1. For P313, all conditions in the list (1) out of contact with any Cys (no Cβ under 9 Å at 6 or more places or on another chain); (2) within 16 Å of the ligand (Cβ to nearest atom); (3) over 30 Å from A246 (Cβ atoms); (4) assigned to a loop (DSSP other than H, G, I, E, B) hold save one; what is the number of the exception?
2. State yes or no: is V50 crowded, with 24+ Cβ neighbours inside 10 Å, touching a residue at least 60 places away in the same chain (Cβ under 8 Å) and either among the β-branched types (V, I, T) or more than 22 Å from G353 (Cβ to Cβ) (or both)?
3. Got a sec? Which of R322, R350 is crowded, with 17+ Cβ neighbours inside 10 Å, in a loop (DSSP other than H, G, I, E, B) and out of contact with any Gly (no Cβ under 8 Å at 6 or more places or on another chain)?
4. Within the range 77-92, is there a residue that is within 16 Å of the ligand (Cβ to nearest atom), part of a helix (DSSP H, G or I) and touching a strand residue (DSSP E or B) at 6+ places or on another chain (Cβ under 7 Å)?
5. In the range 34-76, how many are more than 7 Å from the ligand (Cβ to nearest atom) and assigned to a strand (DSSP E or B)?
6. Residue under question is P224, and the condition is that it be in contact with an Asp or Glu (Cβ under 7 Å, 6 or more places away or on another chain) and either surrounded by fewer than 20 Cβ atoms within 10 Å (Cβ to Cβ) or within 25 Å of R374 (Cα to Cα) (or both); does it hold?
7. So which residues in the range 1-22 are more than 6 Å from the ligand (Cβ to nearest atom), outside any loop (DSSP other than H, G, I, E, B) and within 27 Å of I69 (Cβ to Cβ)?
8. In this structure, is K225 at pLDDT 95 or above and within 16 Å of N176 (Cβ to Cβ)?
Amino acid sequence: MKNSNLPVAIIGAGPIGLATAVHLLKSHQKFILFEAKKNVGANILTWSHVKLFSPWQYNIDKEAEKLLIKNGIKIPNKKEVPLGKQLVDAYLKPLSEIVEIKQNLHLNTEVLSIGRKGLDKMKNANRENVPFSIKVNENNHFKIYEAKAIIDASGTWQNPNPVGSGGVFAVGEKENKHHFFYGMPDVSNKLIAKYANKTVLVVGGGHSAIGTVLALSNIQEKHPKTQIHWLLRKKNVSEVYGGQEADGFKSRGQLGIRIEKLVNSGNIEIHTPVFINEFKKHNKKLIVRGYKNGQEFVLKNIDKVISNTGTRPDFSFLREIRFDADASIECVTELATLIDPNIHSCGTVRPHGEAELRQKEKDFYIVGMKSYGRAPTFLMATGYEQVRSIVAYINGDFEAAKDIQLVLPETGVCSTNIEAEICCSNETSSKEEINCCTIDKPTKQVSSCCDKIETNKMNSKKTSCC
Ligand SMILES: Cc1cc2nc3c(=O)[nH]c(=O)nc-3n(C[C@H](O)[C@H](O)[C@H](O)COP(=O)(O)OP(=O)(O)OC[C@H]3O[C@@H](n4cnc5c(N)ncnc54)[C@H](O)[C@@H]3O)c2cc1C
């Protein structure tokens, strides 16, 4: 909106929403930051006991760091890897308490719906110059705010996928919900009694599932009657081991090493590839039914189910906004070819900014974890670069918006992935391109090698191994 004195509204005070606020502050742009929960970093606090895999160096936005230092707040040691709780306590909370941020932060304020003032989604007339209208529930009072632009950084962690196969709730999943936990429970501490000496089923094949299984194995050591079943849709459990020593993030590589060791110990029971259809209550326990390699699969006497089957974005409050999301990944459409796990599993995504995130609705952007939709590979550093670029654009600095600069460590898994191998060996044409897909260097400027691939495949689908 031209010449508007209205603020830019940010939805969600996670790391990316807060970084957006900092960039807007630096650009002397008015902003208003809505957070549904009573704390900033609310989603992270649900996994506060979990250690991140990236060290502080990658977890703090550069402008936020300058603001913290200016306000006399100590920056953590860049080489250390924090727990979720430390990320909130030592970074997000102090940042949110800096007076210029705090006075524009609305906690306990859930955004319920947004649209253009007086214009429904179908109306074009002067749409770009009409303010956004934002309906919120603020401390149990319904209110409307207006904004000249909206940056949706509301994450996905609060919307877990169901356990049932095909992304559909299994029969009996909702009905037996007190047996289920969606996320990463703190099994090391207050919840220990809930899982000790119980038969626990973990479902999922990503880093969260690995973390959960490893945490349960600690309980098993002290409470040997604890039985752990780990159920994956992947063909083989070895697919989750990742880059290990070759991973640019040592902590992420360590997860793969530790889980492989645990699997080899025989102390947990692996079921793969299994697709669940039904949970049935029997004698206060659950019977799990599904199929494995075309045969019926049955698992009995399950006390607890922990689901780590991924998360999905909530688009419900965007009903009146003209936006696009990829039909399969539910990410911002332009990002789909960069992060589609069907194309490559490397997890290292080419840095991107305002141009890729621009939506049909002018001055509306989806950023952060939500911009990746259902893909699990989002890194905070990527989000910080996204919002730096968007704020530069809003501020009229189009050169800075285009100048994307980000170097990220790689996962080191490309060459172990079948699709990536196909992508590298069949579709690429030069040795240079093949190198970009192998476990060669711990860090590199990912944009350059991906650009080569895209340039050399002028007419083919825009696939990328990086
Ligand atoms: C277990 C785990 C470990 C991870 N480890 C790493 C790591 O090591 N390094 C790394 O770079 N990334 C890591 N990530 C990924 C990612 O960086 C984080 O999930 C990060 O929190 C995403 O930031 P975000 O700001 O996009 O979203 P979130 O942190 O999810 O924040 C979204 C915020 O929006 C609020 N919200 C939601 N809906 C509304 C609404 N309607 N109205 C108002 N507010 C709303 C939520 O309450 C929340 O506070 C990890 C993720 C998980 C789950």
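The values are calculated or read from the model by the stated rules, or taken from the named source; none is laboratory data. Computed from a predicted structure; not experimentally measured. Note that each Cβ is placed from the backbone with ideal geometry, even for glycine, and that neighbours are counted across all protein chains shown.
1. Unmet for P313, out of (1) out of contact with any Cys (no Cβ under 9 Å at 6 or more places or on another chain); (2) within 16 Å of the ligand (Cβ to nearest atom); (3) over 30 Å from A246 (Cβ atoms); (4) assigned to a loop (DSSP other than H, G, I, E, B): (1).
2. No; evaluated as a whole, the condition is false for this residue.
3. Residue meeting the stated conditions: R350.
4. The answer is no; no qualifying residue exists.
5. Count: 1.
6. For P224, the condition - in contact with an Asp or Glu (Cβ under 7 Å, 6 or more places away or on another chain) and either surrounded by fewer than 20 Cβ atoms within 10 Å (Cβ to Cβ) or within 25 Å of R374 (Cα to Cα) (or both) - is not met.
7. V8, I10, L18, A19, T20, A21, V22
8. no
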